[in-house]
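To start, the structure under review is shown below, and the notes come after it.
The values are calculated or read from the model by the stated rules, or taken from the named source; none is laboratory data. Every value quoted in this text rests on a predicted model; they were computed, and no experiment measured them. With ideal geometry, Cβ positions are generated from the backbone for all residues, glycine too; neighbour counts draw on all protein chains shown. Each accessible area value is taken on the protein alone, full model and side chains, heavy atoms only, with ligands, DNA and RNA left out. Shrake-Rupley method; radii C 1.70, N 1.55, O 1.52, S 1.80 Å.
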Amino acid sequence: MSAPPPPRSRGARAGRALLVGLASVCIAVQAALLGTAGWAVANPRTVGDLVAYWQYDPTPAIAGYATRGAMSDHGRFLFYASTPQVLPDGEFDRVCAQAEVGIGVLGCYTLADGRIYLFDITNVDLDEFEVVVAAHEMLHAAWSRLSAEEQAAVEAPLEEAFASVPAESELVERIAAYEAADPDSRIPELYAIVGTELETIPEVLEQHYARYFDDRAQVVALWKQVEAIFLELQAELERLSAEIDRLGAEIDAEQAAAEQVAAVLEADIAAFNARAARPGGYTSQSAFQRDRQALLDRQAALTRSIEATNAKIDTYNALVEEFTALNEEAAALDKDLNIDPQPLAPGDAAPAP
């Protein structure tokens, strides 16, 4: 693999022609250093990368992704050589088609022309996600330039890193979805995901990714910030769902019990009234008052029980409103991440990043 060209300085627009001129010299010098002019013919991919790199004028946002993602000179070179472009919603979907329901595509590396396209995430709370996606797609560009031997050398370490991921992790589901769509995508996707999302990986991979990042931990930390948003949202939705289910079960049981108590009390009141109306039914006033008071006490106890259940119903309804609002927030985040909103009902699993 050829080393990347030296870092370039982006001057004012007026210096553009000079930079292009220097690029031509740089390519010529590299070819000469390698022995013959035939090097350029034998290495069209590298020549194409050099030309694309020098002709590409990154926007401040694109340059910011490379800097905030701690891309190395070589990582930035591959990123710029892939001429990354941020596209709005509709235009992005036409370029980076998605077929998986409930999965948001935020970036793609097109093998046909070697370009990176990034979805325009407008939610400022998800700003870090754009950096992670950019780094992820840069690693796809890197993967496409590795030789078959280099790819094979990292396959086992990638599987080792992935084996440390808990089975209940969202990442396991994500990889399964990738494989379902394209069985050949497992290793290339692991390559991009492991490099940007996992903190602890085999040393051989850490050394490998050092080609593309000056500090890989920096982009992983950004991913953790984004992930925390969804984990907190997921935890709160699951907590509310569980509480709604628990209260709902209690309310159902209490209402069923109250109906049984009310039915028995109604029958006992009817029997008391019939006895009191029958001549000689009660032979003493004290017996009458005793039975009457007992019925009144039972009626009061039933009323208190019903009032307590009604209070739980008020709490239940408030929780449902809170759950609904949070669900709407989750749906809005889904939309911000190019996912078709799929609102949940209490008892469903919460969404994950």
Here is a check on your reading of the model: is Val226 in contact with a Leu (Cβ under 8 Å, 6 or more places away or on another chain), of a type in the set (Val, Ile, Thr) and in contact (Cβ under 8 Å) with a residue 24 or more places away in the chain? yes
Here's a check for you: in region 168-224, which residue that is of a type in the set (A, V, I, L, M) and in a loop (DSSP other than H, G, I, E, B) is surrounded by the fewest Cβ atoms within 10 Å (Cβ to Cβ)? Ala210
Could you look through region 194-219, keep only residues that are touching a helix residue (DSSP H, G or I) at 6+ places or on another chain (Cβ under 7 Å) and aliphatic (A, V, I, L, M), and pick out the one that is farthest from Phe129 (Cα to Cα)? Val204
When region 308-335 is checked residue by residue, the ones that are open to solvent by 40 Å² or more (accessible area, probe 1.4 Å) and within 14 Å of the chain's Cα centre (by Cα) are Glu329, Ala332, Lys335
Region 227-255, residues that are open to solvent by less than 50 Å² (accessible area, probe 1.4 Å) and either small (Gly, Ala, Ser) or farther than 17 Å from Ile306 by Cβ (or both): Glu227, Ala228, Phe230, Leu233, Gln234, Leu237, Leu240, Ser241, Ile244, Gly248
Restricted to region 87-127, and to residues that are at pLDDT 90 or above and open to solvent by 50 Å² or more (accessible area, probe 1.4 Å), which residue is nearest to Tyr191 (Cα to Cα)? Arg115
